[in-house]
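Notes follow once the structure below has been shown.
The values are calculated or read from the model by the stated rules, or taken from the named source; none is laboratory data. Not measured: the values here are computed from a predicted model. Using ideal geometry, Cβ is built from the backbone for each residue, glycine included, and neighbour counts are taken over all protein chains shown.
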Amino acid sequence: MQKKIVLIGGPGTGKTSVLNSLISRDFFCMEEISREVILKAKEEGIDQLFLTEPLLFSTMLLEGRENQYKIAEKTNHELVFFDRGIPDVHAYMNYFKTSYPPFFIEKCKKYKYDCIFHFSPWQEIHTTDNERYETFEQSVTIDKFLVEAYEELGYKIIDVPFGTVEKRTNFILNSLSCDL
């Protein structure tokens, strides 16, 4: 039976680095789609889609993450790793105090994950760029909304300790080996 594993945490906490490490070890991974949506909007002349049209941006993310989930289900991979999951979308909407339709939560209840690994804010590795503009302080606050969203959906969250990318990756894989 396939296990769907999500890496969560505020911006700049090391999720993507660990996901890239998992990819290099030949695990099947679904990469973060926010950058793709942001870059597509920029090509269409919208500099900060989330800030100008948060509901449209979030709906696009929700559709993209739902699609990733469906793609994962069609594979025969025992483990599938996701850089963020469907509940991240409404967690961000809550952070920005933006209302959203009920189907955001309905999708979270329909598409369930097996393991949630949480990356706490870590100031030493936090950086910003053209697509990740949140400050460290904002990352800390967003992180609280993310954890709350997953806990409200009944998920048990496993905290990934600080350390090198290799140590964090090994922690996740060792944690999963107990359940396999």
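Quick notes on this one:
- Matching residues in segment 135-168 - criterion: being polar (S, T, N, Q) and buried (at least 16 other Cβ atoms within 10 Å of the Cβ): 138, 139
- Condition met for residue 106 (of a type outside the set (Ser, Thr, Tyr) and modelled with pLDDT under 95): no
- Test: residue in segment 48-63 that is surrounded by fewer than 20 Cβ atoms within 10 Å (Cβ to Cβ), within 26 Å of residue 171 (Cβ to Cβ) and at pLDDT 85 or above: no
- Only one of the numbered conditions (1) touching a strand residue (DSSP E or B) at 6+ places or on another chain (Cβ under 6 Å); (2) modelled with pLDDT under 85 is not met by residue 35, and that is (1).
- Condition check for residue 44: under 24 Å from residue 137 (Cα atoms) and not β-branched (Val, Ile, Thr): no
- Residue identified as under 17 Å from residue 168 (Cβ atoms), touching a residue at least 24 places away in the same chain (Cβ under 8 Å), out of contact with any Gly (no Cβ under 9 Å at 6 or more places or on another chain) and crowded, with 16+ Cβ neighbours inside 10 Å among 18, 80, 89: 18
- For segment 21-44, a tally of residues being over 20 Å from residue 69 (Cβ atoms) and surrounded by 18 or more Cβ atoms within 10 Å (Cβ to Cβ) returns 3.
- Residue selected from segment 121-138 under the condition part of a loop (DSSP other than H, G, I, E, B) and of a type in the set (S, T, N, Q), by the criterion modelled with the lowest pLDDT: 130
- Of all residues making up segment 139-174, the number that are of a type in the set (Ser, Thr, Tyr) and at pLDDT below 95: 2
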